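The values are calculated or read from the model by the stated rules, or taken from the named source; none is laboratory data. In this text, all values refer to a predicted model and were calculated from it rather than measured experimentally. Because the Cβ atoms are built from the backbone with ideal geometry, glycine has one as well, and the counts that use them run over all protein chains shown. Heads up: the accessible areas ignore ligands, DNA and RNA and are worked out on the full protein's heavy atoms, side chains in. Shrake-Rupley method; radii C 1.70, N 1.55, O 1.52, S 1.80 Å.
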Amino acid sequence: MTREELFNTPEARAQAEKSKKKARETAATLEPSAEVWAVINGLEYLTEETIEILKQRGQEWHDEWPIGEPHYKSDDEKYQFVIHSNQVAEMYDCGIRKAQEMLAIVRATVGKNEGSFVSVKEFCFVHKEDEEDFRRALRDIQPDFGIDSKNRPKSK
C-alpha cells in the first residue's frame with residue numbers, strides 16, 4: 001500500500017478529523033501578547049493575525065499527516081526527531097523561556113498534549129522552515145537535557 005493510499009483510507013481521514021478537532025481546541029487557548037517578542041520567517045509572535053496563521057498551519061499538518069508523522073530509523077547518527085528548547089533558543093537567538101513558549105505554541109497548534117515532544121518536522125512545518133537546512137543547523141547544537149520543562153512557569 002502506498003503512502004497516498006494509506007493516508008486516504010476512511011480510517012485515516014477519520015483520524016485526521018479527530019486530530020484537527022483537538023488541534024482547534026488547543027489552539028483556541030492561544031492569546032495574543034501585548035508586544036511582539038519574536039519574528040520567525042515573517043511571523044510576529046504573537047499577534048492575532050499570527051495566531052490565525054498558526055491555527056491554519058496546524059490544520060494543514062493533519063491534512064499532510066492524517067495518521068501521524070512516520071518515524072523511522074535513519075543511518076545518520078546525528079538525525080534528530082525532536083527539537084529541544086535550548087536548540088530553539090540558540091537557533092533564534094532568544095531566551096530559553098521564549099523558546100519554551102514557541103514549542104508550546106507548536107504543540108497547541110497541532111493539538112499535542114502539554115509536555116509532549118515537538119518533532120523537528122512539526123516545528124519546521126508550522127514555521128515554514130526548510131527542514132533539511134534546519135536539520136543541518138541543528139547538528140551543531142547539542143540538546144540540553146538539564147533544562148526541566150516540567151517545572152517551568154506556566155504560559156499566560
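Structure values in brief
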read-out	value
Options Leu103, Leu54: the member that is assigned by the TED database to the domain that holds Lys20, within 23 Å of Ser19 (Cβ to Cβ) and among the hydrophobic types (A, V, I, L, M, F, W, C)	Leu54
Residue, farthest from Phe117 (Cα to Cα), within segment 55-71, restricted to residues that are assigned to a helix (DSSP H, G or I) and of a type outside the set (Asp, Glu)	Gln56
Filter result (among the hydrophobic types (A, V, I, L, M, F, W, C), open to solvent by 30 Å² or more (accessible area, probe 1.4 Å), closer than 19 Å to Phe125 by Cα and outside any strand (DSSP E or B)) within segment 31-54	Ile53
Of the criteria (1) under 20 Å from Gln142 (Cβ atoms); (2) open to solvent by 40 Å² or more (accessible area, probe 1.4 Å); (3) free of Cβ contacts under 8 Å to residues at least 60 places away in the same chain; (4) of a type outside the set (Lys, Arg), which one Glu129 fails	(3)
Pairs where the first residue, in segment 25-40, is in the same structural domain as Gln56 (by the TED database) and the second is among the polar types (S, T, N, Q) and open to solvent by less than 70 Å² (accessible area, probe 1.4 Å), C-beta under 7 Å, 6+ apart	Ala27/Thr109; Pro32/Thr47; Val36/Thr47
